[in-house]
Structures are given as C-alpha cells and as structure tokens.
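Reading through the structure tokens given below for one structure.
Here, each number is a calculation from the coordinates, and none is a lab measurement. What you see is a predicted model; the values in this text were computed from it and never measured. Neighbour counts run over all protein chains shown; Cβ positions are idealised from the backbone, glycine included.
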Amino acid sequence: MELQRVGQARTSQLAEFFEVSEVTIRSDLEIMDAKKQLIKTHGGAIALPADSPAAAFEERMQRNFDAKRRIAQLAARQIIDNQSIVFDSGSTLLQVAMQMPPVSNVVVATTAMNIAQHLMYRPGLDVHMIGGRVFPSTVSTIVSDSDKALGGLVAHQAFVSAHAIDQSFDVVDVSEDIARTKRNLVRMARRVVLVADSSKWDIGASSKAFSVSRVDLIITDSNMPHSIRNRVEKLGVEVRYA
C-alpha cells in the first residue's frame, strides 16, 4: 500500500496489509510522524502533500541512499572527543549525525533543525542551534552573520554539503541565502569536510558558496567519473571514496 498514492489509510488497513499488529503500526506511525514523513491521525495516517518541504526532503534522503550512507559512515569517523564541530544542513549530513560514534566533550553547532533534534539527547554532546530565518525546504536556518549567530565560535571542523559542484570546482546553490550560509559556516572552521555523492559533481547553479580548494577533505563515492577524480586530486585536496 503506497500511502502517497491512496492519500490516507486506517491503522487496521495498514496492519492487515503488512501482516503485523495494530500496536506495531501505531508505533511506526508515531516515529514517521516525528520524522515528518506523514501525518498521524486518530485511527490512521495521511500522506504529506507531494510538494511539501518535508516530503521533498524525504525524497532527497532516499535519493542515492546507499552512497550517502557509506559516505556518512566515513565522515562520522572524523568526529573525535574534545572538539567543536559545525554541521551544515542536508540529507547526507543528517546521515552523518545518525552515524556519529560515542564521543565526549564535543560541542555541536548546526543550522539543521533535524540534526539538532537527532543529537540533542546524545550523551557527551553540547548541541547549539545556530539562529536565523527558517528555510523550510532544507529544514534549516539561514545565517547572515556567523559572528553574531555563534558569538565568534571557532570550530575544529565544519561538515558541509553541496547542492552541486560546478566545472570550476565551486560549491554552488540555487539560493544565494543558502550559499551565504555555507560560506559563513566554512569561515568558522579550521578544517572543512565536504560530503557530496557523485551525482553532485559537474553541475552548475547560480550562487557560489565557496571553492573546493578551501576544503581539507572531500568524501564522495566510488562512482565519481575518473576525469573529475583526476582534476579534484590535482587541487591538492584529500579525497576519500566510500
């Protein structure tokens, strides 16, 4: 049963379709409602509109999921005790947050509301939400002045994502607000880790965030074309393939 296609369903219908108990279905619906994957109602669930920001983000989460999961596993290993780190928003970075190992005395600052929500109860973390105007499509805030937003915090590492990386090896976005936010996050950090699956490369967009040459480590997947691999590695940036 595809909820998006039928629009809504009762708990009893879902239990019968999946051959599980209604208790199990109710529990699953609560989890999916919390993740903004659907709307839980009394006695069932309603699909989110296909054009809603939450539905769009969920679709991005599922796109190239296996590659993103492998990239996230590799990126999460970069997080160690006694550091301050900054998280950009994005579906791959949410995966990084989910894959974080147990750590102690780590300060996390993020523009991503879903990342903050996922990490805020984790032991060993001091989680800060970077304030700004809410941008629904990325489930994040737009930061116009990083110094005011974080009081001059200097992070050991910034984990950033990319809407696209163009032929000039600039990280670019369709939104100038998002590009400026990424630029500000990069400025906060001593070390920058860029996570971007192979589908993001060699694609243009209107607003430049920062140059790939500003990045210390790129984590991507093994499907990146060799022509792009060779050019990236000539920049002197470390590249790891998940």
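Along the stretch 155-162 the Karplus relation, 6.51 cos²θ - 1.76 cosθ + 1.60 evaluated at θ = phi - 60°, assigns HN-Hα couplings of 8, 5, 9, 10, 9, 10, 10, 9 Hz to successive residues, with x for each Gly and Pro. Ranked by how many other Cβ atoms sit within 10 Å of their own Cβ, fewest first, the residues PHE18, PHE159 fall in the order PHE18, PHE159. Each residue of the stretch 232-241 was assigned a 3J(HN,Hα) from its phi angle through the Karplus expression (A = 6.51, B = -1.76, C = 1.60, θ = phi - 60°), giving 5, 5, 5, 6, x, 8, 5, 10, 10, 10 Hz with x at Gly and Pro. The candidate values were (1) -0.21, -0.54, -1.03, -1.17; (2) -0.26, -0.61, -1.04, -1.14; (3) -0.28, -0.68, -1.13, -1.23; the one computed from these coordinates for log10 I(q)/I(0) by the Debye sum over Cα atoms at q = 0.07, 0.11, 0.15, 0.16 Å⁻¹ carries the label (2).
Distances between placed amide hydrogens fall under 5 Å for ALA155 paired with ALA189, ARG190, all partners being 5 or more residues away or on another chain. Applying 1/(1 + (r/R0)^6) with r as the Cβ-Cβ distance of THR24 and ASP202 and R0 = 41 angstrom yields a FRET efficiency of 0.40. Each label was represented as a point 7 Å from its Cα along the Cα-to-Cβ direction; for ARG231 and ILE46 these points are 4.8 nm apart. Distant-in-sequence amide contacts of GLU238, defined by a placed amide H-H separation under 5 Å and a gap of 5 or more residues or a different chain, comprise ILE218. Each residue in ILE31, ILE46 was given a count of other beta-carbon atoms within 10 angstrom of its own, and listing them fewest first yields ILE31, ILE46. Here r is the Cβ-Cβ distance between ARG187 and PHE65 and R0 is 30 Å; the resulting FRET efficiency, rounded to 0.05, is 0.45.
Treating r as the C-beta distance of VAL154 and SER211 and R0 as 25 Å, the FRET efficiency rounds to 0.75.
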